[in-house]
C-alpha cells in the first residue's frame with residue numbers, strides 16, 4: 001500500500017475513533033466516517049473489507065494503545081502507585097476537558113453499546129481494558145502490594161467511573177475525588 005493509501009486509511013481510523021468516542025458504536029455510521037475522513041466510500045471497503053466491525057475494532061485498539069502508552073509511561077516514571085494514578089487521572093482529565101467534555105474513554109461507549117450483542121467487539125474492549133490494567137498491576141507489584149491484580153481492577157473501575165461522571169458533570173471533580181481516595185485504597 002502506498003503512502004496515499006496509508007494516509008486515507010489513517011484518516012478513516014481517525015474519523016471512526018472520534019465518532020465512536022463521542023457517539024458510540026451507533027454514532028459512527030459508515031457514511032459519517034467517510035464524510036469526516038474526506039475519503040471515497042470505496043476506500044472504506046478497500047481498507048476494511050470486514051466492514052464496520054473491523055473499522056471499529058481497529059479504532060478501539062488504536063485509541064486503547066494511545067491510553068496504554070500514557071499509562072505505561074506514567075507507571076514506569078512514577079515513584080509509586082499513588083503518583084502514577086494521580087498523574088494518569090490528570091492526563092485523562094486534560095484530554096476530557098480539552099475535548100469540551102466529549103472524549104472520556106475511547107472504549108466505554110462501544111463497550112456499553114454492543115458488548116452484550118457483539119462478541120468480537122466485546123473481546124476487543126476486554127483486551128484494551130486488560131492492557132490498561134497491566135501498567136497498574138506492574139506498578140502495584142513493584143510497590144510490593146499484596147494483591148496487584150485485584151487492586152488494578154478496582155483502580156481502573158474507579159477511573160472509568162470518574163471519567164463518566166466528569167463527562168456528565170462537565171467537571172474534573174470526580175477525577176480529583178478518585179485521586180484523593182487512592183491513597184486510602186492502597
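The values are calculated or read from the model by the stated rules, or taken from the named source; none is laboratory data. Quantities reported herein were computed from a predicted structural model and do not represent experimental measurements. Using ideal geometry, Cβ is built from the backbone for each residue, glycine included, and neighbour counts are taken over all protein chains shown.
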Show me the helices (runs of 4 or more DSSP H) entirely contained within the stretch 1-52 in which 3 or more residues are modelled with pLDDT of 90 or more, closer than 23 Å to residue 108 by Cα and under 24 Å from the mean Cα position of the chain (by Cα). 3-23, 30-37
Exactly one of 72, 61 is farther than 25 Å from residue 41 by Cα, touching a residue at least 60 places away in the same chain (Cβ under 8 Å) and either within 14 Å of the chain's Cα centre (by Cα) or buried (at least 19 other Cβ atoms within 10 Å of the Cβ) (or both), and that residue is 72
When you scan the stretch 104-114, do you find a residue that is over 21 Å from residue 66 (Cα atoms) and at pLDDT below 95, even just one? yes
Do you know which residues across the stretch 75-92 are touching a residue at least 60 places away in the same chain (Cβ under 8 Å) and buried (at least 22 other Cβ atoms within 10 Å of the Cβ)? 75, 81, 85, 88, 89, 92
